[in-house]
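The numbers here are math on the coordinates, done by the rules we state, and not lab data. In this text, all values refer to a predicted model and were calculated from it rather than measured experimentally. Virtual Cβ from ideal backbone geometry, glycine too; neighbours counted across all protein chains shown.
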Amino acid sequence: MKHQRPTLLILALTALFYSGCMPPSNEVDSNITLDASSPEFQRIADFQDQQLADSLYTFFHDEQPTLRYLSARAFASMRSPEAIDSLARLLQDPVDRVRAIAAYAIGQSGAAAGERYLLRAFERNDTAGHYRLANRAILEAVGKIGTEPTLADLATVSTYEPTDT
């Protein structure tokens with residue numbers, strides 16, 4: 001009986017040690033919270049109102065998806081073709097809603113220069129629907145700024161079904 005206690009103690013300590021040494025999760029924070037009373041929300045809204053693009057760009061690299069989302073959304077009302085290259089980086093964001101708002105902002109720019117970024121960002125093989133919001137926003141944005149040949153190609157795609165979202 002005396003020999004079992006040290007063995008159990010060693011097993012318990014080993015389990016405790018290994019449970020505390022778990023590798024960090026690969027999950028991406030995708031929580032976007034729109035709270036107009038938050039200081040960050042208000043600061044981004046002020047930058048948007050004052051058309052301070054350089055101040056908004058700094059949020060494109062923030063670890064919080066809410067701030068990336070809000071800064072990209074600000075460009076949708078600014079209609080700034082100069083922002084397309086920077087917004088295009090957000091088309092590769094790990095968060096679907098951030099990708100979608102970046103595509104929307106590019107479409108709102110009215111600049112055909114955004115078409116190539118949008119077409120490259122479209123996830124053709126996303127059968128699980130991880131980027132369905134972004135893909136939908138990309139198609140809408142291409143509809144706004146696409147060239148005639150691209151729009152003709154989109155209009156004649158035979159693989160889309162009426163039930164596709």
*Around Ala105, with a cut-off of 13 angstrom between Cβ atoms, what is the net charge of the other residues, counting Lys and Arg +1 and Asp and Glu -1?*
+3
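Within 9 Å, Cβ to Cβ, of His130, how many net charges do the neighbouring residues add up to if Lys/Arg are +1 and Asp/Glu are -1?
Working: positive: Arg132; negative: Asp96, Glu123, Asp126.
Net local charge, His130 excluded: -2.
Can you tally the net charge around Gly143? Count Lys and Arg as +1, Asp and Glu as -1, for every other residue whose Cβ sits under 14 Å from the Cβ of Gly143. Kindly include the intermediate steps, with their values, before the conclusion.
Details: positive: Arg136, Lys144; negative: Glu115, Glu140, Glu148, Asp153.
Combined, the nearby Lys, Arg, Asp and Glu give -2.
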*asked:* Below 8 Å, C-alpha to C-alpha, sequence gap of six or more: please give me the relative contact order for the stretch 34-155 in percent.
replied: 20
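Loop only per DSSP, at most 16 neighbouring Cβ atoms within 10 Å: give me the trypsin sites (Lys or Arg not before Pro) in the stretch 46-93, ordered by residue number.
Numbers: sites: Arg68, Arg73, Arg79, Arg89; in loops: Arg79.
The qualifying sites are Arg79.
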_For a quick check: sort Arg120, Arg132, Arg97 by the number of other beta carbons within 10 angstrom, fewest at the front._
Arg120, Arg132, Arg97
